[in-house]
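Just so it is clear, none of the values below were taken in a lab; they were calculated from the coordinates. All values derive from a computational prediction rather than experimental measurement. With ideal geometry, Cβ positions are generated from the backbone for all residues, glycine too; neighbour counts draw on all protein chains shown.
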Amino acid sequence: MPRAVVLLSGGLDSATVLAMAREEGLACHALSVDYGQRHRAELVAAAAVARALGAIEHRIARVDLGVFGGSALTDRSIAVPVEPTTGIPVTYVPARNTIFLALGLAYAEVIAADAIYTGANAVDYSGYPDCRPEYLAAFEAMANLATKRAAEGSPIAIRAPIVRFSKADIVRRGTGLGVDFSLTVSCYDADEAGRACGRCDACRLRRDGFAAAGVADPTRYRPGAGA
C-alpha cells in the first residue's frame with residue numbers, strides 16, 4: 001500500500017484531508033506538531049481523529065516556536081482577536097507551514113512516502129500567505145531538490161486537496177466520508193477541554209461553514225461563548 005504523511009492539526013480541515021487520503025487507499029502516517037501553541041487541546045483532538053480515521057500511526061513532533069513569539073498563538077501577551085481584522089492577522093505564526101512541511105518531508109523520507117498531505121486552504125481562511133497554492137508548489141519544487149529520495153528518482157508530492165474548497169465544501173466532503181467533526185478542535189483559544197470560544201476567526205469560519213453546508217454544528221462551546 002503506498003504511504004503518505006498527513007499533517008494533522010486536529011481541526012476540521014486536516015481531519016477531512018486525512019479521510020480523503022484514506023479513501024484514496026493510502027497508508028496514512030499522521031503527523032502533528034507541538035509548537036508551543038496556546039490551543040494545545042488540538043493535539044488531543046488530533047490523536048482522537050487519527051484513531052477514528054484509521055491512521056497507521058500518529059506522531060507528534062516538538063518544535064517550540066514560543067521561543068520567537070510574534071503570534072497570538074505562541075505568545076500569551078498577544079490577545080487572540082475576537083473581531084474581524086484586515087490584512088494578515090496576529091494569529092499568523094511566522095514560518096509555521098514551512099516548518100510543518102519540512103518536518104513532514106523528513107518523516108516522508110524515512111518511511112518512503114510518496115506524498116505529504118496538508119489541509120492548507122486558500123478560500124475560507126485567515127489570509128495566511130503560507131496557505132496559497134503558489135507557496136505549496138514552491139515548497140514541492142524545493143523538496144525535490146533537497147532530498148535523497150528525489151535525487152534517486154522518487155520525488156515527493158505535496159498534496160493540498162482542499163486548497164480551493166470553501167469551508168462549506170470541506171464540511172460536506174468530510175461528512176460524506178464519515179468524519180466525526182465533534183472530535184475536532186478549530187478554535188484559536190480553546191480551553192483545556194477543547195471547548196471553543198465562539199468568537200475568534202477560526203470559530204467564525206467553522207460556524208459559517210457548517211451553516212452554509214446545512215450540517216448541524218457539533219462544536220463544543222464554553223459556557224457563555226459567543227456561538
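Odds and ends about this structure:
- Total charge dipole magnitude, the chain, about the Cα centre, Cβ charges on Lys, Arg, Asp, Glu only, Debye to nearest 20: 280
- Cα shape, segment 110-177, gyration tensor, a/c 1.5 rule: oblate
- Each other residue within a Cβ distance under 13 Å of L18 adds +1 if Lys or Arg and -1 if Asp or Glu, for a net charge of -1.
- Other residues within the sphere of radius under 13 Å centred on the Cβ of I88, judged by their own Cβ, net out at 0 (K and R +1, D and E -1).
- Of interest is the spacing of the C-alpha centroids, which for segment 104-128 and segment 49-102 amounts to 14 Å.
- Whether segment 60-138 is rounded, prolate or oblate, judged on the alpha carbon gyration tensor where a/c under 1.5 counts as rounded: oblate
- Residue-count net charge about S9 - beta-carbon cut-off 12 Å; Lys, Arg +1, Asp, Glu -1: -1
- When peptides 95-101, 83-89 are sorted by average Cβ neighbour count within 10 Å, with the highest value leading, the order is 95-101, 83-89.
- Packing, as the average of other Cβ atoms within 10 Å across residues, places the peptides 127-136, 181-190, 147-156 in the order 181-190, 127-136, 147-156, highest first.
- For peptides 61-72, 191-202, sequence by mean Cβ density within 10 Å, most packed first: 191-202, 61-72
- Where only DSSP H runs of four or more residues are counted, the chain gives -11000 deg cm²/dmol as its mean residue ellipticity at 222 nm, each run worth -39500 (n - 2.57).
- Relative pair counts by distance (%), Cα atoms of segment 3-213, 10 Å bins: 9, 36, 40, 14, 2
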